[in-house]
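First comes the structure, then the notes that go with it.
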Amino acid sequence: MRIPKRPVSFCLSLFSPEFPRPLDSRISFYSGFHYKTPNFSFSKPKQIHSTGVNQLHMSYMMDKGQKAVLGDKRQSSEPMESSDGVQEPCIWSSPEGGKDEAELGKQIFCNRSLNMRNIIAVGFDMDYTLAQYKPETFEKLAYEGTIEKLVSNLGYPEELLGWTFNWKYMVRGLVVDKKRGNILKMDRHKYVKVAYHGFRELTKEEKVGSYGNTLIRDAFDEPDYALIDTLFSLAEAYLFAQLVDFMDKNPGRVPAKVDYARMYKDVRSAVDMCHRDGTLKQMVAKDPIKYINEDKSIVPLLKMLRDSRRATFLVTNSLWDYTNIVMNFLCESRTLDACNFDWLQYFDVVITGSAKPGFFHEESNANLFEVEPESGKLINTDNGTPMAQVGNTSPSITLKKQNECCRVFQGGTVRHLHKLLSIESSSQVLYVGDHIYGDILRSKKILGWRTMLVVPELETEVKLLWELRDSRKALQLMRSDRDHIEDQIHRLRWSLE
Ligand SMILES: Nc1nc2c(ncn2[C@@H]2O[C@H](COP(=O)(O)O)[C@@H](O)[C@H]2O)c(=O)[nH]1
Ligand SMILES: [Mg+2]
C-alpha cells in the first residue's frame, strides 16, 4: 500500500520504569518545537508546539565540548502553517490536548533533524518501548524465577531462595567482566571509571591493575564481557554481583568447578529459560497491570499517525500470543479473558517473533509466516502472500481480509516488511525502539531507517543537568580560569629560563 502523507505533529508519552529518577514517569516525543536560548544562555528554554509543524529537530546539545550546554539552540525548526494559516500551540496526541508545556524530562532530543514529511511509515518495538514494565514487579519476577532455576536445575544452594532484589541498584550501560566477577562503568572512550567486584568497589590500584595497564586495551566485548544494555538485564547483573560475593565468602558452596564466568553463564541461561518457558509471560498475562504501566497516550498517538495517512507497524521479538495480551492491555485496557483484536486497527502490519536484530539483515532468508489471530496458527506465505494448502484451495486467512485490516506475521525480514508497506526507500521509515543493538544499530546504520531510541534514564539526566546548570556554568568558568592561570605560570617560568 502507498501512503500519501500529511503534516504531522508527533508526541508519544511513555511510562518509564521506576529508575532512580525524581520525575513522573513519562517521556514524550514531540516534533515541531524548539527552544530559544540565544547566546548559549542558561535561561529556561521556551517551547513552541505548532500545529502542522513537520520537523523533528534537535533541541539540546548537552556536554558537547565547552560551549554546548543545556539549552543550546543549534537548529531552527521549519514551522508549517496549519490549514487555516494559524499556528496554535498543540500537542496532538497528549491526553490534555497539549495545553500544558511539556516537562523537561518528557521532551525529545535529536542528533540530527528529521523531516516528518519524508516519513511514510512509523514502526514500534513493543517490550520496553510501548510496554514499559514496572521494574519493582517485573524485574523482581525475573530475579526470583532465575534463582528458582539456578537452585532447581543447576545445583545452586537453596539459601539463594531467600535473597532479595534491589531493583534500583543496577543501571543500563554497565559491563560485566565475566572472568573477574567485576561490574564496570566506563566512559565513552572505554576507560573504566568505576569497577566493582560483586558489591565491593575496587581500589584505584586494583582497577588500574586490571584495566589500566595493558598496551592493547580490552574491547570489553563478548565472550569475556557482557553488556547490560537492556532493562531486561538489570536483574541478572544484580544476581551475578550477589553470587560473586557469595562465592568469595563461601568457597565450596557453589557447584563444583563453577568459576565467575561459569556462574555468569548459568545466570544467563536461567534468565533465558524464564523468558522462554512462560515463567515471566504467564504471570504478566494473568495480571498485566501489576507488571506494565498503563499509558493512555498510545492510542491517540497511533490514531494521529494514521490520520496523517502514514502506515504504522509493530516489529517485536515477542510471539503472537503474548503480543496480543500486552497490546490488548495497552490499547484497550483489556485483560486475558476479555482479549480481542480491536487493537489491530491501529496498525497496518504486525510482525511478531521477528528475531531482531537478524530481522534487519536484508540478505537473511528467514521465512515469513502469516499468523491467524484467532488460533495463532502459522500459515506459509510466499513473500507475504498466503500459500494455498495442498488439498485445501482456500487458506484460513482469506485474501479478502488482506486489504481490510492489519495483517499479523511471524518472522521474515525487513525486505518483507518493506514490500508489505510499499516502502521504496529505507529513509521513509521511522522506528521507535528501546534496545540500541536489537532495535537501532543495524536498522539505522546498515539499513538507513530513521530511528528513535527510548531512554527512560534520560529523564533524570536531563533534569539534573537543568537543575545544576548554575554549578555547571560556574565550573566551566573556573576551569577556564584555571587553564588561563596555568598558562600564565608556564609563560612566566619560560621567561625566567
Ligand atoms: N529468550 C530470551 N528472550 C528474551 C531475553 N530478554 C528479553 N527477551 C524477550 O525478548 C522480547 C523482546 O521483545 P521486543 O518487543 O523488545 O522486541 C520479549 O519477548 C522478551 O521476553 C532473554 O534473555 N532470552
Ligand atoms: Mg524492546
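Below is a table of values for the structure above.
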read-out	value
Links that overshoot a 22 Å alpha carbon limit, given the list K140/K179; K140/K286; K281/K463; K134/K179; K179/K445; K179/K249	K140/K179; K281/K463; K134/K179; K179/K445
T323, T312, T164 arranged by Cβ crowding within 10 Å, fewest neighbours leading	T164, T312, T323
Linear extension gain, N383 paired with E159, 0.36 nm per residue minus alpha-carbon span	75.4 nm
Residues Y191, Y437, Y291, Y322, sorted so that the one with the fewest Cβ neighbours within 10 Å comes first	Y191, Y437, Y322, Y291
Exposure proxy order (Cβ contacts within 10 Å, fewest to most) of W320, W494	W494, W320
Bridge type composition, region 341-497 - antiparallel percent by DSSP, nearest 5	55 percent
Simple Cβ-charge dipole of region 226-319, Lys/Arg +1 and Asp/Glu -1, about Cα centre, in debye nearest 20	360 debye
Charge sum, other residues only, whose C-beta stays under 15 Å from K445's C-beta, Lys/Arg counted +1 and Asp/Glu -1	+3
Net length gained if the chain between R262 and V390 were fully extended (0.36 nm per residue, minus Cα distance)	41.2 nm
Contour excess over end-to-end distance, with Cα ends at Y169 and S364 and 0.36 nm allotted per residue	66.3 nm
Estimated distance in nm for a label pair at K290 and E206, the labels positioned 7 Å out from Cα along Cα-to-Cβ	3.9 nm
For region 211-276: rounded, prolate or oblate by the Cα gyration tensor [a/c cutoff 1.5]	oblate
Calculated FRET value between D342 and S471, using beta carbons and R₀ = 51 Å, to 0.05	0.50
Pair D221, L319: separation of 7 Å Cα→Cβ label points (nm)	3.2 nm
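Bear in mind these aren't lab numbers, they're just calculated from the coordinates by the rules spelled out. None of these values were measured; they are calculated from a predicted model. Methodologically, a virtual Cβ is constructed for each residue, glycine included, from the backbone with ideal geometry; neighbour enumeration extends over all protein chains shown.
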